[in-house]
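Below is one structure, written out as structure tokens; comments come after it.
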Amino acid sequence: MKILFFGKEGCSYSSDALDYLQKLGHDITVFWSKKRNEKIPQEILLWEGDYLFCFYSYAIIPQLLLDRVNVPINFHPASPEHPGTGMINWAIYNKSKQFGVTAHLINDKIDSGRILKVKRFNILDNDDIESLTKRTRFYYMILFYDIIQNLLIDKKTIYDLLEESKDEKWNGEPRKIKQVDKMSLIDINIEREELDMRIKSFHTKKFPLSLYLHGRKFIHV
């Protein structure tokens, strides 16, 4: 079996997923994604084979490569109700009751391909970005192991998985990173309740909330 694996450089979860695939003894080619909008090397674009697994990767898979892969699968770290970027942020901000992870076929649009499998879990009242991220990563790995078990070990077909998840549908347009960035920029006249919700939903040490006042940038700590 020829497999192309897209992972994120420096991500332990990507490394664990690749290690599992390698232990199964398949012919695996790897591309480590480093940042958004990076250029995919020509040798990867011209790869041909059975499965493509996109796992925590920044890469957007072009049609040129999709046409050369029998089954391209993306692992989306959110449930179908949350397509796009900043899924955890939006789930907390919108006070969603559930979250999850999704495996789906890749097509020419972001987070819109037919769904293979979903795993959901409850969002707790006191969840924040860190706690929800940790739980999401746990289910993300479980979803990956399940898909690999189904397809590469149990020899289920893609059509079997599509039939099992036929009632699952994407909900809404995928969020973009610029929408998350906009929520992280605070207006000086923001209401207290809205500010508290923005801090809970969008503020982290790596990506802090900020505001501009008289040409100076202030960062929330």
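The values are calculated or read from the model by the stated rules, or taken from the named source; none is laboratory data. Values in this document were obtained by computation on a predicted structure and should not be read as measured data. Note that we place each Cβ from the backbone using ideal geometry, even for glycine, and neighbour counts take in every protein chain shown. What goes into the accessible areas is simple: the full protein's heavy atoms, side chains included, and nothing from ligands, DNA or RNA. Shrake-Rupley method; radii C 1.70, N 1.55, O 1.52, S 1.80 Å.
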Checklist line | Residues (assigned to a loop (DSSP other than H, G, I, E, B) and either among the acidic types (Asp, Glu) or surrounded by fewer than 10 Cβ atoms within 10 Å (Cβ to Cβ) (or both)) located in the range 175-221 | finding: Asp187, Ile188, Asn189, Glu191, Lys205, Lys206, His214, Gly215, Val221
Checklist line | Selection within the range 72-89 - open to solvent by less than 20 Å² (accessible area, probe 1.4 Å) and either in contact with a strand residue (DSSP E or B) (Cβ under 6 Å, 6 or more places away or on another chain) or without any contact (Cβ under 8 Å) to a residue 12 or more places away in the chain (or both) | finding: Pro72, Ile73, Phe75, His76, Ser79, Pro80, Gly84, Gly86
Notebook entry, point to check: Among the residues of the range 31-45 satisfying the criterion of being out of contact with any helix residue (DSSP H, G or I) (no Cβ under 8 Å at 6 or more places or on another chain) and surrounded by fewer than 13 Cβ atoms within 10 Å (Cβ to Cβ), which is modelled with the lowest pLDDT?
Noted result: Asn37
Check: How many of the residues making up the range 2-30 are open to solvent by 20 Å² or more (accessible area, probe 1.4 Å) and at negative phi?
Finding: 17
